[in-house]
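First comes the structure, then the notes that go with it.
Laboratory data are not the source of any read-out in this text; all were calculated from the coordinates shown. Owing to the predicted nature of the structure, the values given are computational and were not obtained by experimental measurement. A quick note on method: Cβ atoms are made from the backbone with ideal geometry, for glycine too, and the neighbour counts reach across all protein chains shown.
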Amino acid sequence: IVGFALLSSFNTDDPNSLIPTLGIFGMAAIRILPLARNFSFTLNRIRYSKDSVKTLNNYLKTETYDDHNEIETANKELVTITLDKVSYKYPNADKIGLNNISFTIKAGEHIGIVGPSGAGKTTLVDTLLGLLRPTAGQILLNEYDVVKEPNKIWQYVAYLPQDIFLIDGTVRQNIALSQTDDEVSEEKIHHALGMAKLTDVVQGLPKGLDTNIGENGIMLSGGQRQRIALARAFYFNKSLIILDEATSALDVETEAQIIDYLKTLKRKVTMISITHRQKSLEYCDRIFSIKNGSLQEVLT
């Protein structure tokens, strides 16, 4: 605006005639500022995520599966998880993250893990998922050793964090996330919707499964977004679901609806729920408390 004013002042005999034009430029600049901030924010996110995306892309290019049908069959099996004297210490850390943890999660059982921030909940999840290698102990998923073959557990698991990842696309695209429209199975889609209690919700949308739910699922409520993620897990036949503070951001009523729904999944999937609120785990078969990296069962 300053540059335009200076340039124009040399080409006009009446500077007052520039005032309306400068006013228009000023209003346009005010309207453009939010877009400029969004552009800057998005550009920074791209720069920040660039290395992670490249690493993931290289992994997907090199990782191959010999038998896709074998994986589909494996996903349908209920899983038993056993932790035997598992410990973990972060490099250069003074205190231990996990301290000699041993317990077994039976097939189809729902387990709750409660603890304050920094108690070791996230470390336990990352170790279970094979993202962190224990400094001691063994983790078994059915007959597989997760420590030696962490990719084995990825075939079974669906991980639901507090902030669900949804794309700016249709309900169908968000459930069958990694598949093209030609690859999507309508039978599996409707089965997943039924399992997640979303059939009535989808039927009430303007275009059903082809309704665009907006960026981050803006067209859906918090509970519906959580159930979209559950439907995604059922679509891909995941038999182990890990909820990591998945209901902590929901209001009391929506959280109650999700908890009532999770009760209906007992014996259908193995589930691990991690939270800092014990009240959110009333549907669990057993509840464990974690503090300073040590785990003990809570009597309820």
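Of all the options Lys85, Lys266, Lys95, the one that moves most in a Gaussian network model of the chain with Cα springs shorter than 10 angstrom is Lys95.
Taking a threshold of 25 Å on the Cα-Cα distance, which of the pairs Lys106/Lys279; Lys54/Lys152; Lys197/Lys268 fall above it? Correct reply: none exceed it.
Assuming charge only on the beta carbon of Lys and Arg (+1) and of Asp and Glu (-1), the dipole of region 172-246 about its Cα centre is about 240 debye to the nearest 20.
Couplings 3J(HN,Hα) of region 157-162, computed from phi: 9, 10, 10, 10, x, 5 Hz, in residue order, whole Hz [Karplus 6.51 cos²θ - 1.76 cosθ + 1.60, θ = phi - 60°; x for Gly and Pro].
Toward the positive end of the charge dipole of the chain, with +1 on the Cβ of Lys and Arg and -1 on the Cβ of Asp and Glu, the farthest Cα among Gly169, Phe288, Pro34 is that of Phe288. Cβ-Cβ distance of Ala36 and Asp168, R₀ of 30 Å, FRET efficiency by 1/(1 + (r/R0)^6): the value works out to about 0.90. Calculated from the alpha-carbon coordinates, region 145-226 shows an Rg and a Dmax of 14.5, 48 Å respectively.
Remark on Leu132: its backbone amide H falls under 5 Å from those of Thr127, a criterion applied only to residues 5 or more positions apart or on other chains, H modelled at 1.01 Å from N.
Divide the volume of the convex hull around the Cα atoms of the chain by the residue count and you get 220 Å³ per residue. Comparing Ile258, Ile189, Ile32 in a Gaussian network model of the chain where C-alpha atoms under 10 Å apart are linked, the largest mean-square fluctuation is found at Ile32. The peptide list 272-285, 170-183, 44-57, put in order of mean Cβ contacts within 10 Å with the highest first, becomes 272-285, 170-183, 44-57.
For the chain, what are the DSSP H helices with axial Cα length of 27 Å or more and mean Kyte-Doolittle hydropathy of at least -0.5?
Counting only whole DSSP H runs, the qualifying helices are 19-62.
Each residue of region 174-300 gets 129 Å³ once the volume of the Cα convex hull is shared out per residue.
Bridgeable lysines around Lys95 (alpha carbons under 21 Å apart, same-chain partners fewer than 8 residues away excluded): Lys85, Lys121, Lys291.
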